[in-house]
Every structure is written in structure tokens, then in C-alpha cells.
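The values are calculated or read from the model by the stated rules, or taken from the named source; none is laboratory data. From a predicted model like this one, the values you see are computed outputs, not experimental measurements. Neighbour counts are summed over all protein chains in view; Cβ atoms, including those assigned to glycine, are modelled from backbone coordinates with ideal geometry. For accessibility, only protein heavy atoms count, side chains too; no ligands or nucleic acids. Shrake-Rupley method; radii C 1.70, N 1.55, O 1.52, S 1.80 Å.
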Amino acid sequence: MRVLLTGSAGFIGATVARRLEERGDEVVRVDVMLENAHGAAEPPAGTHHLDVRDAAAWPDLLRGIDVVCHQSALVGAGVRVSDLPHYAAHNDLGTAALLAAMHEAGVDRLVLASSMVVYGEGRYACVEHGVQVPPPRRREALDAGDFENHCATCGRPLSWETVEEDARLDPRSAYAASKLAQEHYAAAWVRQADAAAVALRYHNVYGPGMPRDTPYSGVAAMFRSSLERGEAPQVFEDGGQARDFVHVDDVARANLAALDAVTGEGTGRFAAYNVCSGEPVTILDVARLVAEGTGEASGRRIEPEVTGGYRLGDVRHVVASPDRARAELGFSAQVRPRDGLPAFATAPLRA
């Protein structure tokens, strides 16, 4: 198939492009080369240096395209109020402009990179009072070292359960709000344009080619950087936050499965899928696994330091259910975190 791939020079986009070309697909690469993600780098050979917000100005690129794989986005937590216009511009306006240009060009298939951040908090239950939706954690409780969510009736700490795709959506940052808006634009486009789209809700992605020490870096890369400096990784809260870490090679495999699915079905359908390993780990586990890989390479093991610090707005637990992606896309992750995270400790990163 002929795929237009936005964000093709990025961490995930470059891996998707490579996998597509390895199986014989034609890839039209587009990237705006945001400095926060790429530094002052020039676009790689064969990459169109273009902005999706200007998609109406490049109809020639969409001619003959079978499906668009939309990876480009401004990422990160968006902790400052002043960040809001940047997320709205790159993610929301960019997606809307791309969808409008696709419709004009007669391209009616889309795979969209979304994120687990659209869920906000994960799914929780009390052993006595059942499933609950906790409010944001209070600063006073976090200051006192109480990091768990509690039952509104009995006050017991809530246990986490896996989050399915039809869970309540509750974005809690500028980035999260923009990712949910991208999904809403895609769903509206599907109805208005008689098209089809798949949104892939990535969980915590790591692997070779990840950016080093930028707002685009994940916590695994930050732990690795600390270890490379000979410093203990700093783990927030008590380290018990449950997450799902998925390898970038598995994310690329999920994209290929989604591209095949969306081009092989009829129009009028929007579907979202978790992209995850299916093997939850705690943040402290992540730090220890990366430290294990660093120690094997250097002969010196550095233990993580649990600081008790926190970031207001962080969620306690969010762990995905892999069931729908397995059943409908035929996707299951192949890289287990207990194998991939130690290997990540010495994998090549981008500056």
C-alpha cells in the first residue's frame, strides 16, 4: 500500500516507516522537525519538511495515497498554562487541517497516534464497594505521603484494574486534552466524510532511538540518563505507580496491524485500541530494570532512590487492557518489559 506518514522522523514514526518499507509498502514521509524533538537537525533524506497545519497546501503528496498514518504531535505533559496554544495548534489544528486535506484529495483511511493520557486516572475498585471514579488527588494528601486513591465510602485504598477502551475519558493536561481532541476530530471526520479511522492509544513507549533528556523523553530514558551520570534514578511518590511499558518495535507492529485493518474494512467506523505490553510494572520496577541493564554493562549496580516527591496532576495507576487489540487487530506485544527495559539501558538514543 501507499502510506503517507506524518512525524516520520520521530522516535515512533521512524520505526513505523522502517517496518513498512521492510514489508514492501511505499512510504511518503512528512515531518516538521520541531526543535524540541529533533534539535536543529535537518530532515532525513527523502523526508518532506512540511507542517500538517499547512496540509491544504500539499495536495500533490496525498494523490494516490491509500491511507494516512498520523504520528506527528507536540508531546509532553504541558505543565504551563502558556503551553495550551502550542498543543492546540500542532495537535488539534494540525489534525483538523490534515483531515480536511485528506477529504479534498479523496483519501478516506486514517491511523491516528493517540495516547493513554486520554483516560486520566485508571480504573479502580474497592473490595467492598465496587468500581469507583476517584477525583484528582489532593495536595494535602500527597504532601503527607498518601499517594493512593481511596474509597469514597469506607476510605480504604482502591485497587487498580485494567482500563478498557470504552472507559470514561478524563484528560488532565494540555497534552492529554489535545490527544482526546484529535480522536474527536477523527471520529467526526469518519461520519462526515464517510471514512474509516483507527486511533492507537499508546501506553509508555520506550526503545532504541528514543530522545535523550528532552520534553519528549519518557521516564525510562530519564532513569537511564541518571544512571549514565553515575546517579541514582529519582523515583517519585513511593514508586508503586502501576503502568504499562510497551517497546517501540511492538508499537510499530500495532500500527501495521491497524493500517491493514482500516484499509480492509468498510467506511463509517471509528475504533480506538490500547497499545500496551499487557504486563504491568511499577515505576520502581522500571528504574530497577533499567539499572539492571546498566549494571550488567558497567559492572556497577546503582539502586534507585525513592524520593516521595510528586507532580501535581500525575495519576496514580493506569494499566491497559490488551484484549480488544488482540481480538480485533490480531496484535499482541512480543517484547516483555522484564527483557526490553534492561536492554534499553544500552540501546542507542538520539541526541
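Residues whose amide H lies under 5 Å from that of His150, counting only those 5 or more places away or on a different chain, are Leu158; hydrogens are built 1.01 Å from N in the peptide plane. Just the protein heavy atoms count here, and of the accessible area of segment 1-83 at 1.4 Å, carbon and sulfur take up 50 percent.
Summarising the strand pairing of segment 28-153, around 35 percent of its internal DSSP beta bridges are antiparallel.
Of the accessible area of segment 193-262, computed with a 1.4 Å probe over protein heavy atoms only, carbon and sulfur atoms account for 52 percent.
Packing, as the average of other Cβ atoms within 10 Å across residues, places the peptides 139-146, 162-169, 64-71 in the order 64-71, 162-169, 139-146, highest first. The protection proxy used here, the mean number of other Cβ atoms lying within 10 Å of each residue, ranks peptides 173-184, 16-27 as follows, highest first: 173-184, 16-27. Per residue, segment 218-292 exposes 30 Å² of solvent-accessible protein surface, assessed with a 1.4 angstrom probe and all protein chains in place.
A 1.4 Å probe, protein heavy atoms only, puts the accessible area of Phe245 near 0 Å². Heavy atoms of the protein chains alone define the surface here; on that basis segment 293-339 has 57 Å² accessible area per residue at 1.4 Å probe size. As a size descriptor, the averaged projected area of the C-alpha convex hull of the chain was calculated at 17.8 nm². As I understand it, the value is the acute angle between the Cα axis of helix 219-228 and the longest principal axis of the Cα atoms of the chain; what does it come to in degrees, rounded to 10? That helix lies at roughly 70 degrees to the long axis. Using a 1.4 Å probe on the protein chains only, how many percent of the accessible area of segment 108-163 belongs to carbon and sulfur? Heavy-atom surface of segment 108-163 belonging to carbon and sulfur, 1.4 Å probe: 52 percent.
In nm, to one decimal, how far is the modelled label at Glu161 from the one at Ala188, with both set 7 Å along Cα→Cβ? It works out to 3.3 nm between the two label points. If you fit an axis through the alpha-carbon atoms of helix 174-193 and take the longest principal axis of the Cα set of the chain, what angle between them do you get, 0 to 90°, nearest 10? That works out to roughly 30 degrees. Relative to the longest principal axis of the Cα atoms of the chain, the long axis of helix 248-263 makes an angle of roughly 40 degrees. Using the 1.4 Å probe convention, the accessible area of segment 38-195 works out to 49 Å² per residue with neighbouring protein chains retained. Taking every DSSP beta bridge that has both ends in the chain, the antiparallel portion is near 20%.
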